[in-house]
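Have a look at the structure below, then the notes.
The values are calculated or read from the model by the stated rules, or taken from the named source; none is laboratory data. This structure is a prediction, so every number in the text was calculated from the model and none was measured. Here the Cβ positions follow ideal geometry from the backbone for every residue, glycine too, while neighbour counts run over all protein chains shown. Areas reflect the complete protein model, heavy atoms only, side chains present, ligands, DNA and RNA absent. Shrake-Rupley method; radii C 1.70, N 1.55, O 1.52, S 1.80 Å.
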Amino acid sequence: MSAGPLLTSASRVRNVGLEGEHPDNIVADIARRGKLPARIIVVANEKGGVGKSTIAFHLAVGLLHRGHSVAAIDLDRRQQTLSRVLGYRDGTICRLKAPLKSPRHAVLQVPSGAMLCQEMMRIGSACDYIVIDVPGYDSAIARRALALADILVTPISSSFVDLDLLARVHPLTLDIVSPGCFATAVNEIRQARLRQGLGGIDWIVLENRLRRETSHNRDRVEAALRTIAPEAGFRMTKGLAERVAYRDLFLMGLTHLDLKALPALPFPNSRVVQEIRNLVATVEETPADRRCLVNA
Ligand SMILES: Nc1ncnc2c1ncn2[C@@H]1O[C@H](COP(=O)(O)OP(=O)(O)O)[C@@H](O)[C@H]1O
Ligand SMILES: [Mg+2]
């Protein structure tokens, strides 16, 4: 079926990049500041409330549990969710004398490429991984974070509203009509990185807050995601279910991976532990030469 008649002219308008900033300039700004040995994981999506900070936190802690050294940088100066949960974690470790590690972390106070690279150098120069949490809107600093990414992790809800940022799909056939605004931004930066010899980005998309029961809508979203993945150049991994366990330990800065070491607290939920481990294993799979697994 042809896509044309169902789409208004507004749907066909070309995605417009960030004003005046060519992706080559963004990547050049990052490239001239040198490369750290750490692998850089950027957790980003232009949508708010999809679980970016929750996933950045669980990834950072999950990587620590795997024996990696980790630093975390929060680009969301306003909400500072990642920084706050890690601050609570530092407090809990100190108070309970818990045998747990915490990443070094910082909030980026001045949103510039120079300051971001400086902060990464300051707290992450000796680390295996640096996790960067990006606020849910397009900005010059968000694009610089994308330009730095070896691994980009994008949580989405199981919803066509979120999927629209990855690709615009035909309402009946679910065929791709045009790339979504976020996929366009990622791929422009990706191509600029390749042109400047920085290697690709391994882009991982996962559904977050999955309800346990299946539904017709969820099947359709998943079918559309499978169609979009090779076109947009991301791979998918098993997402996180909707669980209180991902938020009820916020004030203690803990994850269910930590509970085993704290006998005074409730027993860890093995399904949550498995979901976090799966997420961590997915980022550990990224090849050492940092080429993306899809569309290298
Ligand atoms: N898998 C999940 N299960 C339950 N609640 C979740 C899950 N992921 C995120 N949340 C909750 O959703 C809200 C938004 O999450 P957050 O990580 O702050 O999103 P973002 O950083 O994308 O704005 C928070 O209340 C958070 O606790
Ligand atoms: Mg956030």
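Observations, loosely collected:
- Test: residue in segment 102-112 that is open to solvent by less than 30 Å² (accessible area, probe 1.4 Å) and basic (Lys, Arg): no
- Candidates are the residues of segment 261-285 that are open to solvent by 60 Å² or more (accessible area, probe 1.4 Å), more than 16 Å from the chain's Cα centre (by Cα) and free of Cβ contacts under 8 Å to residues at least 24 places away in the same chain; the one that is nearest to ILE55 (Cα to Cα) is GLN274.
- So ARG290, is it surrounded by 14 or more Cβ atoms within 10 Å (Cβ to Cβ) and at pLDDT below 95: yes
- Boolean, SER69 is modelled with pLDDT of 95 or more, farther than 28 Å from ALA241 by Cβ and either out of contact with any helix residue (DSSP H, G or I) (no Cβ under 7 Å at 6 or more places or on another chain) or buried (at least 22 other Cβ atoms within 10 Å of the Cβ) (or both): yes
- Output for segment 64-86, where each listed residue is closer than 13 Å to HIS105 by Cβ and of a type outside the set (Gly, Ala, Ser): LEU64, VAL70, ILE73, ASP74, LEU75, ASP76, GLN80, THR81, LEU82, ARG84, VAL85, LEU86
- Applying a threshold of 6 Å to beta carbon distances and a minimum spacing of six or more residues, or different chains, the list of pairs starting in segment 32-60 at a residue that is more than 18 Å from ARG144 (Cα to Cα) and assigned to a loop (DSSP other than H, G, I, E, B) and ending at one that is among the β-branched types (Val, Ile, Thr) and away from ligand 2 (no atom under 13 Å from the Cβ) reads VAL50/ILE156.
- On inspection, ILE176 does not qualify as β-branched (Val, Ile, Thr), open to solvent by less than 70 Å² (accessible area, probe 1.4 Å), more than 16 Å from ligand 2 (Cβ to nearest atom) and closer than 20 Å to VAL42 by Cβ.
- Segment 88-101, residues that are within 16 Å of ligand 1 (Cβ to nearest atom) and exposed (fewer than 15 other Cβ atoms within 10 Å of the Cβ): none
- Listed by first and then second residue, the pairs linking a residue in segment 78-90 that is within 14 Å of LEU64 (Cβ to Cβ) and polar (S, T, N, Q) to a residue that is more than 9 Å from ligand 2 (Cβ to nearest atom) and outside any helix (DSSP H, G or I), with Cβ atoms under 9 Å apart and 6 or more places separating them unless they lie on different chains, form an empty list.
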